[in-house]
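What follows is calculated from the coordinates using simple rules that are stated; it is not laboratory data. It should be emphasised that the depicted structure is a prediction, and the values quoted were computed from it without experimental measurement. Cβ: placed from backbone, ideal geometry, glycine included. Neighbour counts: every protein chain shown.
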């Protein structure tokens, strides 16, 4: 990887021992020579095309090491402005190139129209460690375009973006809850946000450089039957529209494991308990010796069924507490209580209670938040 730019063979230049020693002495007395040359090696098609806020671009640097010099260090001379760009590959490594130089490629996420790649310095030391040399690549100015003037733009630039599965459920008298899957390539899917919807978020996600996916939620007014938004297609160099129906279906299993407290599980379980009671009563007519025992068992099961159907645990949820879509630590917040309220507990999972609020909203709260 490290090499001499130019060398001469003994057959081309003939010298006597005295001349050779004299030449070596003169070489040692010469001023320090340049041993590293660095440049911006990013392809023109990347820098000459428009770059969009949210897009990730590669920036490549090349270094030429002379006289067997050793690459010592490389760095950006100014601190990167985190509100303008993000360095996604801080641990990138130098690699040998076909032209006998070494190259390194950094990936930057552009976050502002004013983003600029700062100066880049490459430092090398001579083979005998007698001195160091450096080469600076000037800052790189970018042609960045902000796409947020489009009021339907969700903040995503991508090679492709498509909708996977989606489901809608009644949330309350005024709103529906929509859950949908997005699958993207070469995209900033983590920036996805639908304009004009206050309650929305990411439930599960898998973001990577090439393939990204996520489950998104939003609370939609019931008078809206479909949502429409736009992302920017890099291959087509234009906005593309995506539409998702928002039509609740009672027979679809919700991602909330049922948004209503009276679910099919409760119905089937009640029927099962009722069947046990009927079976015990029928058996009591055939087995007179244990009839009283069977009657007592039937009565006990009947009391249990009544308790199961009509007993509900309640609690008080203080102001400032969150109600979540799902019982997970990174779930979407559906509501933050403004005042204390009485809630009914209709289920539980791990560290969470499933509750119903006085206005019939259903969600999950942390157990320690209920009093």
- Task: Round to the nearest 0.05 the FRET efficiency obtained for residue 301 and residue 224 when R0 = 45 Å and r is the Cβ-Cβ distance.
- Result: 0.45
- Task: Give me the number: length gained by fully extending residue 132 to residue 47, i.e. 0.36 nm times residue separation minus the C-alpha to C-alpha distance, one decimal in nm.
- Result: 27.5 nm
- Query: Which of 60, 77 comes first, and how do the rest follow, when ranked by fewest Cβ neighbours within 10 Å?
  - Reply: 77, 60
- per DSSP, antiparallel bridges as share of beta bridges in the stretch 153-245, % nearest 5, sits at 90 percent
- Query: Once both labels are modelled 7 Å past Cα along the beta-carbon direction, what's the residue 338-residue 200 spacing in nm?
  - Reply: 2.3 nm
- A correct fewest-to-most ranking of 211, 48, 181 by other Cβ atoms within 10 Å would be 48, 211, 181
- Task: Report the label-to-label distance for residue 119 and residue 207 in nanometres (one decimal), using points 7 Å from each Cα along the Cα→Cβ vector.
- Result: 3.3 nm
- Can you sort 94, 295 by how many other beta carbons sit within 10 Å, fewest first? 295, 94
